[in-house]
Amino acid sequence: MKTDEIIEKIRQTESPLKRQLLMVALITNLLIEKGKEAPIVIGGCALSYYSREVYFTADIDLAYADREALDDVLNSIGFAKKGRYWINENLKIAVEVTASILIDEESPIEVVELDEDLQCMIIGIEDLLIDRLNACKYWKSEIDCEMVELLLKRYNKELDWDYIEKKATRPENNTMSELLEFRKRIEK
């Protein structure tokens, strides 16, 4: 699919999440054409995907190391830099590059197939859970506490618990007791 066709598809798509994921797929295609790696959706947009749009965010958070290549791609498809965001006024889509890379090389990634030749990469549910568990514990974010519970209920049987427990016990997270409390609560 050509860039113009994907942009038109984004314009015609009603679901805010699907619009965001299609935009990431377009960015991914353009970066791959330049011989670069795909960006990874993180943060609220990833949470919107895994929560099946129970949670919604207005912007797309990406992890990407080669900022120059990403900046060139965003410029080429009508985005303009405004503060920490890249904004496409015509499509009403905002992108923020909040991380250079994911923390670990072994971090699981979800590949989402959107359409013929359109896909994007999303942070694995396990790392997203740890991220939200940290926000719940350290920022006292009620919405993140609710999202941890929702995600654990929805994905409990599919999760790589060894990986999650390993991450929860790391000093930078130190969320094992909170994780156990959530597990106990959802298993009742």
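The values are calculated or read from the model by the stated rules, or taken from the named source; none is laboratory data. In this text the structure is predicted, and so the values were computed from the model without any measurement. Don't worry about glycine lacking a Cβ; one is built from the backbone with ideal geometry, like all the others, and counts go over all protein chains shown.
Residues considered: Lys157, Lys92, Lys140, Lys166. Of these, the only one that is assigned by TED's automatic domain parsing to the domain that holds Glu33, among the basic types (Lys, Arg) and free of Cβ contacts under 8 Å to residues at least 40 places away in the same chain is Lys92. Among the residues of the range 126-148, those that are acidic (Asp, Glu) and over 17 Å from the mean Cα position of the chain (by Cα) comprise Glu142, Glu146.
Scanning the range 145-188 for residues that are among the hydrophobic types (A, V, I, L, M, F, W, C) and farther than 27 Å from Glu53 by Cβ, we see that the one that is surrounded by the fewest Cβ atoms within 10 Å (Cβ to Cβ) is Leu180.
Residue by residue, here is whether (1) within 19 Å of the chain's Cα centre (by Cα); (2) among the charged types (D, E, K, R); (3) crowded, with 21+ Cβ neighbours inside 10 Å; (4) closer than 19 Å to Glu14 by Cβ holds:
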{"residue": "Pro39", "(1), (2), (3), (4)": "yes, no, yes, no"}
{"residue": "Phe56", "(1), (2), (3), (4)": "yes, no, no, yes"}
{"residue": "Leu62", "(1), (2), (3), (4)": "yes, no, yes, no"}
{"residue": "Tyr85", "(1), (2), (3), (4)": "yes, no, no, no"}
{"residue": "Asn90", "(1), (2), (3), (4)": "no, no, no, yes"}
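Whether any residue in the range 110-118 is within 16 Å of Lys166 (Cβ to Cβ), among the aliphatic types (A, V, I, L, M) and in contact with a helix residue (DSSP H, G or I) (Cβ under 9 Å, 6 or more places away or on another chain) is what I want to check. Within the range 110-118 (the criterion being within 16 Å of Lys166 (Cβ to Cβ), among the aliphatic types (A, V, I, L, M) and in contact with a helix residue (DSSP H, G or I) (Cβ under 9 Å, 6 or more places away or on another chain)), the answer is no, since none of the residues qualifies.
Are any residues in the range 127-146 in a helix (DSSP H, G or I) and of a type in the set (Gly, Ala, Ser), and if so, which ones?
Here is the first cut: in the range 127-146, the residues in a helix (DSSP H, G or I) are 127-138, 142-146.
Within the range 127-146, just Ala135 meets the criteria.
Considering the range 112-126, the residues that are out of contact with any Asp or Glu (no Cβ under 8 Å at 6 or more places or on another chain) and outside any strand (DSSP E or B) include one that is surrounded by the most Cβ atoms within 10 Å (Cβ to Cβ), namely Asp117. Restricting the range 95-105 to residues that are more than 14 Å from Gln20 (Cβ to Cβ) and either in contact with a Lys or Arg (Cβ under 9 Å, 6 or more places away or on another chain) or touching a residue at least 12 places away in the same chain (Cβ under 8 Å) (or both), the residue that is surrounded by the fewest Cβ atoms within 10 Å (Cβ to Cβ) is Ser100.
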